Amino acid sequence: MWKFIIVRLVQVRSNPRFLFSLFGEYSLFIRFSGEKANGYDIILVVINMYENEKVEFKLEKTDEIYKEVLAFINADGGLIYIGVDDEGNRVGLKDADETFTAITNGIRDNIEPDATMFIKYTLEKDRVLRIEVNEGSFKPYYLKSKGLKPSGVYIRQGVSKAQVSYEQIRQMIKNTDGDSFEVERSLEQNLSMNYMRSLFIECGMDFDESKAKTMGIIDINTDAYTNLGLLVSDECDYSIKVGWFNDDENVEFYDSKEFTGSVLKQYLDAYEWLSMINKKKSIISGKSRIDTYDYPPEAIREALANAIVHRDYGFSGSIIINVNKKQMEIISLGGLVKGLTEADIMNGISQSRNVKLAEIFHRLKWIESYGTGMKRIQKLYSNSVKKPAISIAPNSFKITLPNMNEFDSKETDRLSEKHRRIISSIENDPHVNDERLMQITGLKKTRLFEIIKELESLGILSIEGRGKSKKYKININNN
């Protein structure tokens, strides 16, 4: 046993800092006599090396050392002595230099993120290797071979190391990275970005590691994938589930589909499928057949993008879309961002829960850079009998798009005689101007403008240019 005794009279009252100033690291091994004299502590210091919550002994190098390093660096730090047996005897290493090199290289190669800046090595005279492990700044640290999961993450509990739970990992990430899901490190690090890369190339944009860091897909401090990286990766484990129902209660399925993979792929695939079931109603006007959709395509795009960009990915469920004869419901997890109200949303106020994901959608020109989505949807339904509605619960957000053809089918005055005369006049003369249309219809300028906007919102008419160069175009389907 390696020990010695020191007797002092000090007014220390078990002050750890004062003890450390006297005995340095050996203060970790101090035993007190418990005796007092004239109000002073009599410290009978028996420095006998033993393992405790801050000290670990290893007789020789084993792979367990990496787990011990993790246990300390993920907690409050500690000391590891290699070449000391379980009783605290300093036996020393047979080949201290070789062990020193193997351990320094092993810690560098086996632990992620890089932990080397938090570790100090000292090869002592009696061939004992002392490893001082400080608390890390980028917790959790983990075994590279196991990944960021319980089997790869350890923490010091009492005098031993212990694996952590997924919940403990999430809490460590949250404490380190902040309380924003998309910037936290992903629990899954074996990710591929094939779909996103091909999509960016198709859109004429570069995508490489540098861009991934700029966008927040890779953490610049740890070089680890973030949760944003998980969402846009091919391995994304979230999904969109769509149900097409025969009944208004959404019980009897006509068809269903689940979309997986990158949320970028989910957006395009789900929109394509919803477009397939978005029926058209045809109205014959003169020589033209004018088609109106059950749901304005742009409204579907806006509502779908909103559900993906603003959902709370802290919940593991899927985005749900229910479609029946009367309406389309798009339900995403997570209520409103704290501080916003339903009135704010309807007024066009927006605060994204996933700012970096929203920026990627903006780069791809799928959404505007600020919150115009709900106002755009409202405008698309400006001439519809039934309007879109939103329903907000503590952990969900639902937008309901009415079937315009279903609810507006009895509103034949939507295409009144004046509507039809305007359509016919534009078909006969694509260069007709507002003055001529006022003469033909007998309408004043303000009313003419209102009817033209109605036709535009129904998808019947398009406006090209402005001022004297403005032209009207009828959207004709010749099939």
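All of the numbers you see were taken from the coordinates with simple rules; none came from a lab. Here the structure is a predicted model, which means the values were calculated and not measured. All Cβ positions, even for glycine, are placed from backbone atoms using ideal geometry, and neighbour counts span all protein chains on display.
Ignoring aspartates and glutamates fewer than eight residues from K67 along the same chain, the ones with Cα atoms less than 14 angstrom from its Cα are E56, D109, E112.
Going by how many other Cβ atoms sit within 10 Å of their own, how do Y267, Y254 line up, fewest first?
Numbers: Y267 21, Y254 12.
The fewest-first ordering by Cβ neighbours comes to Y254, Y267.
How big is the dipole moment of the range 167-227 about its Cα centre under a simple scheme where the beta carbon of each Lys and Arg is +1, that of each Asp and Glu is -1, and everything else is neutral? Debye, nearest 20, please. Show your work: numbers first, answer last.
On the way: 6 positive and 12 negative charges, 3 e Å.
Charge dipole of the range 167-227: 20 debye, to the nearest 20.
When you filter the trypsin sites (Lys or Arg not before Pro) in the range 54-157 for DSSP loop state and at most 11 other Cβ atoms inside 10 Å of their Cβ, you are left with K94, K125.
The amide H of D291, built 1.01 Å from its N in the peptide plane, has I283, N477 as neighbours under 5 Å, considering only residues 5 or more places off or on other chains.
Relative contact order for the range 119-273: what percent, with Cα pairs under 8 Å and sequence separation of 6 or more? Mind dumping the intermediate values first?
Values: 219 pairs, mean separation 22.2, N = 155.
Relative contact order of the range 119-273: 14 percent.
What is the gain in length, in nm to one decimal, between F315 and S424 on full extension, counting 0.36 nm per residue of separation less the C-alpha to C-alpha distance?
Working: separation 109, 0.36 × 109 = 39.24 nm, distance 5.33 nm.
Full extension from F315 to S424 adds 33.9 nm.
In this structure, the pairs whose alpha-carbon distance is over 23 Å, taken from K58/K94; K139/K213; K58/K120; K280/K365; K375/K471, are K280/K365; K375/K471.
As a footprinting exposure proxy, order I422, I331, I367, I390 by other Cβ within 10 Å, with the fewest listed first.
I390, I331, I367, I422
Counting Lys +1, Arg +1, Asp -1, Glu -1, what net charge surrounds A75 among other residues with beta carbon under 13 Å of its beta carbon? Here the count lands on 0. Under the shape rule built on the C-alpha gyration tensor, where the axes satisfy a ≥ b ≥ c, the range 165-262 is oblate, since a/c reaches at least 1.5 while a/b does not exceed b/c.
Distance from the C-alpha centroid of the range 113-167 to that of the range 231-262: 42 Å, rounded to the whole angstrom.
Here H362, H431 are placed in order of increasing Cβ neighbour count within 10 Å, fewest first, which gives H431, H362. The H on the amide N of E368, modeled in the peptide plane, is under 5 Å from the matching H of no residue at least 5 residues off or on a different chain.
Summarising the amide proton neighbourhood of S239: residues at separation of 5 or more, or on other chains, whose placed amide H is nearer than 5 Å comprise I319.
Couplings 3J(HN,Hα) for the range 291-303, derived from phi with the Karplus relation 6.51 cos²θ - 1.76 cosθ + 1.60 (θ = phi - 60°), are 9, 10, 8, 4, 10, x, x, 5, 5, 4, 4, 5, 5 Hz, where x marks Gly and Pro.
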